[in-house]
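Trainee: Handing you this structure, nothing more for now.
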Amino acid sequence: MMIKRILTGIFLYAIGIVVIILFVPSDTAGFIISIVATGLLLTVFIMHEVYKKYFTEIISPSSAALQYTDHPVSGLHKISQKPFLFGLEKKIISGDELYFDTASLYAVNKTRKAAVFGLHEITELKRTSIRINNNRIWQIKIMHENQETIIKFAHNFSLSNRNFLNFYTLLKEINPGAVQSEWNLWKM
């Protein structure tokens, strides 16, 4: 489908160039401006089509459909952090901070309200190929009330903070089929 749209754009570009050559005098500045403008339009069009095809899958789905309730986060273990990428990280990772305890995963929004999921509801935990500032982005898929929710996040594992490793180990014990990526300190 993308190839058809790009070929159609190239065809329209060729027609535009022919029209410019036939009707705009070649010794004027308008001729060069018209040629350059149509070339730029074609370039923007092709870049837009390639972006739609290959990069929209990394954009994190919105968590607006989650049902948040008042739930205290004290005593919970935080497993996510916000990497910095000049605002673009908001398009890649979910806006929620993730916490866990021995039975549940909590997605806490900016207003400090939490969406609660049982660890048995997690269908997938995997490492993605996306990195932001040397932090690997992880993805959790949750089947909650017959609806799949995808949460992408950057873990907060460090030598002094082992919360993400504890979550990984606990999830592997409770729901071993959900863990899709093997733990490796070098591939974090």
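The values are calculated or read from the model by the stated rules, or taken from the named source; none is laboratory data. Keep in mind that what you see is a predicted model, and the values were worked out from it rather than measured. FYI the Cβ positions are ideal-geometry reconstructions off the backbone, even for glycines, and counts take in every protein chain you see. SASA here: full protein model, heavy atoms, side chains in, ligands and nucleic acids out. Shrake-Rupley method; radii C 1.70, N 1.55, O 1.52, S 1.80 Å.
Trainee: For residue 132, which sequence-distant residues (separation of 5 or more, or a different chain) have an amide H within less than 5 Å of its own amide H, given hydrogens modelled in the peptide plane?
Mentor: 137
Trainee: Sticking with this one: Ignoring ligands, DNA and RNA, what percent of the 1.4 Å accessible area of the chain is carbon and sulfur?
Mentor: Within the chain, the accessible surface is 62 percent carbon and sulfur.
Trainee: Along the charge dipole of the chain, Cβ charges K/R +1 and D/E -1, which of 38, 122, 144 sits furthest on the positive end?
Mentor: Toward the positive end, the furthest listed residue is 38.
Trainee: Between residue 41 and residue 130, how many nm apart are label points set 7 Å from Cα along the C-beta direction?
Mentor: So the two model labels end up 3.3 nm from each other.
Trainee: Could you compute the longest span of the chain free of GluC sites (Glu not before Pro) located in DSSP loops and having at most 16 other Cβ atoms within 10 Å, not counting the site residues?
Mentor: 1-144
Trainee: Pop out the ³J(HN,Hα) list for the range 100-112 in order, Karplus 6.51 cos²θ - 1.76 cosθ + 1.60 with θ = phi - 60°, rounded to Hz; leave Gly and Pro as x.
Mentor: Listing the rounded values in order: 8, 9, 6, 10, 9, 10, 10, 9, 9, 8, 5, 8, 6 Hz.
Trainee: Using θ = phi - 60° and the Karplus relation 6.51 cos²θ - 1.76 cosθ + 1.60, list the HN-Hα couplings for the range 130-139 in order, rounded to whole Hz, with x at every Gly or Pro.
Mentor: My calculation for the range 130-139 gives 8, 10, 10, 6, 6, 9, 6, 8, 10, 10 Hz in order.
Trainee: Separate question: With labels modelled as points extended 7 Å from the Cα through the Cβ direction, what inter-label distance (nm, one decimal) is found for residue 8 paired with residue 165?
Mentor: My value for the distance between the label points is 5.4 nm.
Trainee: Counting only heavy atoms of the protein chains, get the accessible area per residue of the chain (1.4 Å probe) and round it to a whole Å² value.
Mentor: 62
Trainee: As a test, work out the antiparallel percent of DSSP beta bridges whose residues both lie in the chain, rounded to the nearest 5.
Mentor: So the antiparallel bridges amount to about 95 percent of the total.
Trainee: Check which residues have an amide H placed less than 5 Å from residue 179's amide H, if you skip close sequence neighbours.
Mentor: 125
Trainee: Here's something else I'd like to know. Pairs 52/172; 110/152; 52/110; 4/141; 52/113; 52/82: which exceed 27 Å Cα-Cα?
Mentor: The pairs that break the limit, which is 27 Å between Cα atoms, are 52/172; 52/110; 4/141; 52/113.
Trainee: Grab the DSSP H runs of the chain that are 4 residues or longer, score each as -39,500 (n - 2.57), total them, divide by all residues and round the 222 nm result to the nearest 500 deg cm²/dmol.
Mentor: Calculated mean residue ellipticity at 222 nm is -11500 deg cm²/dmol.
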